[in-house]
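The values are calculated or read from the model by the stated rules, or taken from the named source; none is laboratory data. Computed from a predicted structure; not experimentally measured. Note that we place each Cβ from the backbone using ideal geometry, even for glycine, and neighbour counts take in every protein chain shown.
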Amino acid sequence: MEAFFKEAVVPHFNFWIYVIIMMIGLWSVIAKNNLIKKLIGLSIFQTAILLLYVSLGVKEGASIPIIDHHAAERSLVGDAGAINPDLIANPVPHVLMLTAIVVGVATLGVALALCQMIYKDFGTLEEDEVLQKIKALHDDV
Amino acid sequence: MIVTFDIIILVFLVIAAIISLSVKDLLAAAMVFGIYGFLICLLWAEMGAVDVAFTEATVGAGVSTVLIIATILNTRRRSTD
Amino acid sequence: MSDHLPVLVLLAPLFGAIAIGLFGMRDHRVCLPVVLSALVLSLCCAIGIVLKVHAGGTLDYFVAGWKAPRGIGIVLRADAINSPILVVIAIVAILAAVFTVRHAGERDTEKTPHFYILFLLLCVGLFGITITGDAFNVFVLIEVTALTSYGLIAIGGSKRCKVAAFHYLIMGTVGASFYLIGVGYLYLKLGSLNMQDIHTILASNESLADSRAIRTAFVFILVGIWTKMAFFPLHGWLPNAYSYSPSGSAAILAPLVTKVSVYVMVRMMVSVFGLDHLEANVEWGHFVVWLAIIAIAAGSTMALAQREIKKMLCCLIIAEVGYMVGGAWLGDPQRWGLTGTVYHILADALMTSCLFLAAGAFAKWHGAAKLEDLSGLFRKMPLAATGFVVGGLAIIGVPPTCGFYSKFYLIRGAIEAGHWVYVAALLASSLVNAVLFFRIFEIAYFGKNPVESHGHGDDHGHDHESEPVVRREPPLHALIPLLAAAALVILLGLCNGTVVEFIRTGLIETATVVSTGR
Amino acid sequence: MKAKIFASIAVTITGAILLYAVTDFPNFGDPRSPANAGVEGGSSSASLYYIENTYRDTKVPNLVTAILADYRGYDTLFETVVIFTAGMAIFAILRVLRNEDAPSAPDPESTNRTIDGDHHRIIVGITCRIAVPLVQIFALYVVAHGHHSPGGGFQGGVMLGASFILIALSGSLRDALARFSEASYIRLASLGILIYAGVAFLPLVFGRNFVDYGALRGLLGTEGEEMARSHGIFGVELGVAFTVMSVMFAIFANLSTRGRLKGGL
């Protein structure tokens, strides 16, 4: 048990938590009845993916991905050792996740607009009640 | 990257996520979701992803929460779960 | 300029959308000319791409000019598999745009410019997904298409379309997120997002290709795309979303969105993971074919149970998705199954477009939402009904429509792979389609009197008198796209040899890339 | 209850698959992992290229900004399109253009806004009136200084949008709309994408590829292609900021009033 903990959990702690948070989010997307709760769950689900990406770009002891001015100038004049890639975090996941955050908030906005329309039409945000009222609509027609 | 800090925030994140999904009062859920956003923003800053942290602070903790609250105030605050 | 065709094909609708945003809000008359000219421009670019690919093989376009080392910029890649799809997307979009001339948003004419902006951005997304060569870029564009689809579905006035759109949103977002997780796992193991790069690394590194993370990545990418294409157990969102959306939206969403997702699956299989890799490392390929068979059976059964035309067509889409997934996974050595799948993407886009245009026209000008309402259709609008018949025959698979040939290639692949149950499922599903459509034809042809339309269509006040049926075709802007789609369905069938040969050059080319990569 | 059982099963399966893969991951924080350094024995990864060469290529020390707007500028164009799409979709879904429920109760604001009952509004209002210009100046700084520090068009744009949201929250939506009307935010959002797509399109005129800002050297009169790229990145960020600002405010305005753009929270 302890060996498993040391080998599988500790070096991958971030990834374990990412799976846990993601599963919390996914569970509430499927199981929660209230539409707003579903959306909060969806947002949590999406942030878990951000956690995966950002975690995989981390380097032990590295700094932020902005190059120091002096080092940058020195690298231009041919000083090969001026920039040490091991000391600068991997910028690619950050770029990708900026895009993903934007997509997330756009989706949230559209979903909230839909929620308001559903509330206006059905007077409730509980999924089971909405479905019942829809069924009643079917029976009318 | 500071490992202890990392672990503490991650644990708080899980707690915040669970709380915001289990409160029955939607307004409270939205506020806890805002807290969740701030925590995760701290986490990004701690992992060296400053640009992501900045975005998360403005979007996740700021605008998303405001949008959810705007919707809750226009619909209903209580929920059954 | 001809070097820039791969990017121009999607810039045309993008600039069109911007133009509507800037000038179309005040004056709605600007919208339609802008939409049509943008899409015609796209069509020209797409045809240009096909010609260039035909003449010189695969086209690579390096956005921002970053050529070496590979993978630092984004590459657009046009080859024989995706260039015909670009043409079909442009054609279907033009047909749908013509169809929406008068009744874009249906509820509020004030929202016409918004409808057209979403319409054009949807085209941008579809073109982008088809032509990109970067795994993450696919995600961004999937979200562009998804958000526009939610808007286009919910723009209608009915209460149900909002709920349908909400469910679609939840499913779609989870699906896209799964895709994103898959791409993340690939990036984590391979350090690259460029499709060709991923392919080379996987092909040259056996132990990596067999690793757990890569397997998981493949599963998640696949499940994510399956959600997007409404593959059977994940199809829940589709019938409501497409049948309650306005006819104009359904005319572009139903034919294209699922097909482009199928294309993404083919792309992932053929040129990201590579067919050899899949044959070596994915043991559950047969299981997917069985799932596809279940999907075909389920789709056909659900279609039989439906009373509403649009719902029935939506169930047929689910069955068709089953055909394509099954065909792609047959794994026959000559790749006839894959050829059939790619050809069926083209064929099904045109057939579905034809049927949904017809259904939209019937709902609008005949007040027909249910099957029974169609009676007397042949006497009232013979031309429109003929278009519908051609679409129906194509879905059944009667020569010389394209539906026949796509089934032919799929069955050929299945026979070579020795998968007889899939053959049986295809034939049985054709039989079910025949039953379905001949029932409709019977109602439409022999049905006595046009049933009093009872409040399904929007403006049908004029056909309440059930006196001797007057011939009243739908207006030209609805009739022309319908007949054009029908003509294209037959044309694609007649040209099947050329098209298939072209597609196969693409499939074989990627196969040789695999062998040199090793 | 059925949903909960189903959810538990689905979550268990998904989680199990994900955890099965996690044990195969490189260690957390490993600078030699494939994502950070490329596959063993293969070519080095794109990330190393970026770290070593971005400053030489673009003269932008903030790697994220440079990659976002130049190397992967094509992605970011569609990120901006996603935002714009969201604005349009929300408008299409929510905006009430006809007066559906005509003269209802009198505008609650006009009755509510007495000095007696609304002390908090005065305090909050004045505080916000002081804060808004500061927020906006800082936002512009964030947009303009994205080359050298964290930030850029998107973050600055959200903050600019938030400043208008602040006006709407502290005073009333009417005040905010008086400064930033519906017609103008739709136009500004389109303009933002036009700026982005236009700057990215210009190189085509000079015979270079899409987003290749280096071609703008002659037009901008810079010394080398690197500075042209740097300026191109700034232009693009400006476009992003416009679109994001407009759409963020538009989303809030529509959501807070159920699409009527009257009344407010």
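On the stretch given as the range D:168-208, residues that are closer than 23 Å to C:Leu118 by Cα, at the interface with chain C (Cβ under 10 Å from one of its Cβ atoms) and either touching a residue at least 60 places away in the same chain (Cβ under 8 Å) or in contact with an Asp or Glu (Cβ under 6 Å, 6 or more places away or on another chain) (or both) total 9.
Scoring C:Phe127 on the criteria (1) within 11 Å of chain D (Cβ to nearest Cβ); (2) more than 30 Å from A:Leu56 (Cβ to Cβ); (3) assigned to a helix (DSSP H, G or I) leaves a single failure, condition (1). Listed by position, the helices (runs of 4 or more DSSP H) enclosed by the range C:155-244 that each have at least 3 residues that are over 18 Å from C:Thr132 (Cβ atoms) and within 11 Å of another protein chain (Cβ to nearest Cβ) are C:159-190, C:195-204, C:212-229.
Within the range D:136-156, the residues that satisfy the criterion of being farther than 14 Å from B:Ala53 by Cα, hydrophobic (A, V, I, L, M, F, W, C) and touching a residue at least 24 places away in the same chain (Cβ under 8 Å) are D:Ala139, D:Val143, D:Ala144. Would a scan of the range C:98-105 turn up a residue that is within 10 Å of chain D (Cβ to nearest Cβ), over 17 Å from C:Ala361 (Cβ atoms), at pLDDT below 85 and assigned to a helix (DSSP H, G or I)? No, because not a single residue in the range C:98-105 is within 10 Å of chain D (Cβ to nearest Cβ), over 17 Å from C:Ala361 (Cβ atoms), at pLDDT below 85 and assigned to a helix (DSSP H, G or I).
Determine if the range C:256-275 includes at least one residue that is over 27 Å from C:Pro84 (Cα atoms) and crowded, with 24+ Cβ neighbours inside 10 Å. No; the residues of the range C:256-275 include none that is over 27 Å from C:Pro84 (Cα atoms) and crowded, with 24+ Cβ neighbours inside 10 Å.
Checked against the criterion of being at pLDDT 85 or above and touching a Ser or Thr at 6+ places or on another chain (Cβ under 7 Å), the range D:195-208 has at least one qualifying residue.
The residues in the range A:6-38 that are more than 10 Å from chain D (Cβ to nearest Cβ), of a type in the set (Lys, Arg) and closer than 20 Å to A:Cys115 by Cβ can be counted, and the count is 2. Only residues that are assigned to a helix (DSSP H, G or I) and surrounded by fewer than 21 Cβ atoms within 10 Å (Cβ to Cβ) were counted in the range B:11-31, giving 10. Here C:Ser149 fulfils each of the conditions (1) among the small types (Gly, Ala, Ser); (2) touching an Asp or Glu at 6+ places or on another chain (Cβ under 6 Å); (3) outside any loop (DSSP other than H, G, I, E, B) apart from (2). Assess whether A:Gly25 counts as being under 21 Å from B:Ile9 (Cβ atoms) and either touching a Ser or Thr at 6+ places or on another chain (Cβ under 6 Å) or surrounded by 24 or more Cβ atoms within 10 Å (Cβ to Cβ) (or both). So A:Gly25 passes the test.
Show me the helices (runs of 4 or more DSSP H) entirely contained within the range D:151-265 in which 1 or more residues are surrounded by 21 or more Cβ atoms within 10 Å (Cβ to Cβ).
Numbers: elements: D:153-170, D:173-179, D:182-205, D:217-220, D:225-256.
Passing ranges, in order: D:153-170, D:173-179, D:182-205, D:225-256.
Considering only residues that are out of contact with any Pro (no Cβ under 8 Å at 6 or more places or on another chain) and within 25 Å of D:Leu97 (Cβ to Cβ), which ones fall in the range C:115-143? Answer for the range C:115-143, where residues must be out of contact with any Pro (no Cβ under 8 Å at 6 or more places or on another chain) and within 25 Å of D:Leu97 (Cβ to Cβ): C:Phe115, C:Tyr116, C:Ile117, C:Leu118, C:Phe119, C:Leu122. Among the residues of the range D:77-97, those that are more than 14 Å from A:Cys115 (Cα to Cα) and more than 7 Å from every other protein chain (Cβ to nearest Cβ) comprise D:Leu77, D:Thr80, D:Phe84, D:Gly87, D:Val96.
Among the residues of the range D:9-63, those that are charged (D, E, K, R), more than 7 Å from chain C (Cβ to nearest Cβ) and outside any helix (DSSP H, G or I) comprise D:Asp30, D:Arg32, D:Glu40, D:Lys59. Taken over the range D:223-265, the criterion of being at pLDDT 90 or above and touching an Asp or Glu at 6+ places or on another chain (Cβ under 7 Å) is satisfied by D:Ile233 alone. Within the set A:Leu137, A:Leu131, A:Leu87, the sole residue that is farther than 22 Å from D:Ala89 by Cα, touching a strand residue (DSSP E or B) at 6+ places or on another chain (Cβ under 7 Å), surrounded by fewer than 23 Cβ atoms within 10 Å (Cβ to Cβ) and among the aliphatic types (A, V, I, L, M) turns out to be A:Leu87.
When you check C:Val257 against the structure, is it within 23 Å of C:Cys354 (Cβ to Cβ), among the aliphatic types (A, V, I, L, M) and at pLDDT 90 or above, yes or no? Judged against the criteria, C:Val257 is a match. Under the condition of being of a type in the set (S, T, N, Q) and closer than 30 Å to A:Thr124 by Cβ, the residues counted in the range C:162-199 number 2. Restrict the check to the range C:364-383 and report whether at least one residue is assigned to a helix (DSSP H, G or I) and of a type in the set (Gly, Ala, Ser). No: zero hits.
Every residue, every condition in (1) outside any helix (DSSP H, G or I); (2) buried (at least 22 other Cβ atoms within 10 Å of the Cβ); (3) in contact with a Leu (Cβ under 9 Å, 6 or more places away or on another chain), yes or no:
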site	(1), (2), (3)
B:Thr4	no, no, no
B:Gly48	yes, yes, no
B:Thr55	no, yes, yes
B:Ser64	no, yes, yes
B:Ala70	no, yes, yes
B:Arg76	yes, no, yes
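To keep it simple, each residue is scored yes or no on (1) in contact (Cβ under 8 Å) with a residue 40 or more places away in the chain; (2) aliphatic (A, V, I, L, M).
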site: A:Gly41; (1), (2): no, no
site: A:Ile44; (1), (2): no, yes
site: A:Ser55; (1), (2): yes, no
site: A:Lys59; (1), (2): no, no
site: A:Ile64; (1), (2): no, yes
site: A:Ile67; (1), (2): no, yes
site: A:Pro85; (1), (2): no, no
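Mind checking whether some residue in the range B:67-74 is at pLDDT 90 or above, within 15 Å of A:Ile40 (Cβ to Cβ), facing chain A (nearest Cβ under 7 Å) and touching a Gly at 6+ places or on another chain (Cβ under 7 Å)? Looking through the range B:67-74, at least one residue is at pLDDT 90 or above, within 15 Å of A:Ile40 (Cβ to Cβ), facing chain A (nearest Cβ under 7 Å) and touching a Gly at 6+ places or on another chain (Cβ under 7 Å).
Close Cβ contacts (under 7 Å, 6 or more residues apart or on different chains) running from residues in the range A:6-28 that are more than 21 Å from D:Ile9 (Cβ to Cβ) to residues that are surrounded by fewer than 18 Cβ atoms within 10 Å (Cβ to Cβ) and at pLDDT 90 or above comprise A:Ile17/B:Val14. Looking across the range B:43-81 at every residue that is among the aliphatic types (A, V, I, L, M) and more than 14 Å from the chain's Cα centre (by Cα), the one that is farthest from A:Leu98 (Cα to Cα) is identified as B:Leu73.
All conditions but one from (1) touching a residue at least 40 places away in the same chain (Cβ under 8 Å); (2) facing chain D (nearest Cβ under 9 Å); (3) among the hydroxyl-bearing types (Ser, Thr, Tyr) apply to C:Thr148; the one that does not is (1).
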